[in-house]
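Visitor: For reference, the structure I am asking about is given below.
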Amino acid sequence: MPVERGRAHARGPGDGLDAEVGPTRPLAGLVARRMLALAGPLQGRRILATGVGGGVGQLLIQLAVAEGAKITAVAAHGQPTEHMAALGVEIALGIESLGSDPFDIVLESVGGDPGSKAACTLRPGGQYVWFGQASGNPISLDFFRLLQGGTSLPLRHFVYSDGDGSCDAEDMAALLALASHGKLQVEIGHRGDFSSAGPLLKEMSTGRLRGKAVVSTG
């Protein structure tokens with residue numbers, strides 16, 4: 001009796017992804033991808049990024065490196081940075097440790113004193129993209145300090161809802177393709193079941209959780 005052969009499965013952009021970790025990428029990945037698109041071509045440009053331990057920050061770094069940017073990441077003492085250094089990212093432990101070379105783009109999500117000082121690291125006409133305030137403290141910009149450095153400051157307050165959603169499918173396909181080839185890694189800071197959700201949400205609200213959380217029903 002002839003055997004009917006099944007149709008070959010067409011490989012999709014998300015094939016090969018861990019089903020448990022895969023859902024940690026979409027929203028943070030879309031935010032990171034669209035923010036970098038806002039900044040324009042990245043090849044050879046110097047970028048300073050703060051808040052790189054968060055869900056958006058860690059993907060932002062990887063996407064920017066893939067586009068050819070030269071990135072300096074501001075990390076906190078004790079924060080794991082080996083994975084970023086392996087990508088060729090320069091690590092700065094605080095804004096004060098930066099050299100004098102200006103940046104083309106600042107991607108800022110911490111707020112407070114670090115976010116305020118980051119504005120003074122821009123070259124004249126550089127872009128300051130503000131997409132968060134993890135510290136809970138607002139940035140404070142000193143007009144005269146910026147003036148002394150000869151720095152004009154185009155500041156863009158970025159929120160995901162700026163887009164109309166028309167590119168969601170295209171952007172998701174690009175993210176899934178990178179992830180399935182191991183080029184878009186996510187740090188998991190917590191794994192647990194729903195019984196851990198209460199304490200976990202408190203930890204996340206204070207910014208103490210690094211990376212993403214995976215909560216299962218099992």
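Only the coordinates and a few stated rules stand behind these numbers; no lab work does. Fair warning: this is a prediction, and the values are worked out from it, not measured in the lab. Cβ placement follows ideal geometry from the backbone for every residue including glycine, while neighbour counts extend to all protein chains displayed.
Visitor: Give, rounded to the nearest 20 debye, the magnitude of the charge dipole that region 33-100 has about its Cα centre when Lys and Arg contribute +1 at Cβ and Asp and Glu contribute -1 at Cβ.
Guide: With only Lys, Arg, Asp and Glu charged at Cβ, the dipole is about 280 debye.
Visitor: What is the magnitude of the charge dipole of region 73-131 about its Cα centre, with +1 placed on the Cβ of each Lys and Arg, -1 on the Cβ of each Asp and Glu, and no other charges, expressed in debye to the nearest 20?
Guide: Values: 2 positive and 7 negative charges, 22 e Å.
So the magnitude is around 100 debye.
Visitor: Label LYS183 and LEU27 with points 7 Å out from Cα along Cα→Cβ: what is the distance between them in nm?
Guide: Output for this residue pair reads 2.7 nm.
Visitor: Can you list the residues, at least 5 places off or on another chain, whose amide H is less than 5 Å from the amide H of LEU122, using H built in the peptide plane?
Guide: PHE103
Visitor: Further, regarding this structure: Stretched out fully, how many nm does the piece from THR217 to ALA197 gain, at 0.36 nm a residue minus the Cα gap?
Guide: Value of the extension gain: 6.1 nm.
Visitor: Which length gain, in nm to one decimal place, applies between ASP101 and ALA37 when the Cα-Cα distance is subtracted from 0.36 nm times their residue separation? Display every interim value, and only then the final one.
Guide: Values: separation 64, 0.36 × 64 = 23.04 nm, distance 2.38 nm.
That works out to 20.7 nm of additional length.
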